[in-house]
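Note sheet for the following structure.
Rule-based calculations on the coordinates, nothing more; no lab input. Since the model is a prediction, treat every value here as computed from it, not as a measurement. Every residue, glycine among them, receives a Cβ derived from its backbone with ideal geometry; neighbour counts consider all protein chains shown.
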């Protein structure tokens with residue numbers, strides 16, 4: 001039979017939610033897993049938007065506040081030789 005040795009017991013650290021990596025500071029670790037519902041609710045807001053389109057003075061479709069690549073005009077002025 002073995003004798004009780006208190007030095008061999010693993011005592012949990014007070015900051016058990018912090019993990020230390022080599023070369024870095026401490027990193028927070030979540031206490032529990034994020035539910036599927038919360039994960040999907042958060043990701044539902046992360047989506048692509050339809051780009052805003054405008055018309056140049058000659059009727060070409062462009063992005064707003066950009067030079068028209070078809071005719072080279074911006075704000076009713078010729079800025080590019082196309």
Legend entry - Subset of segment 26-63 [touching a strand residue (DSSP E or B) at 6+ places or on another chain (Cβ under 9 Å), surrounded by fewer than 10 Cβ atoms within 10 Å (Cβ to Cβ) and assigned to a loop (DSSP other than H, G, I, E, B)]: 29, 53
Inset, instruction - Please specify each residue of segment 64-82 satisfying the condition of being in contact (Cβ under 8 Å) with a residue 12 or more places away in the chain and loosely packed, with under 10 Cβ neighbours inside 10 Å. - result: 64, 76
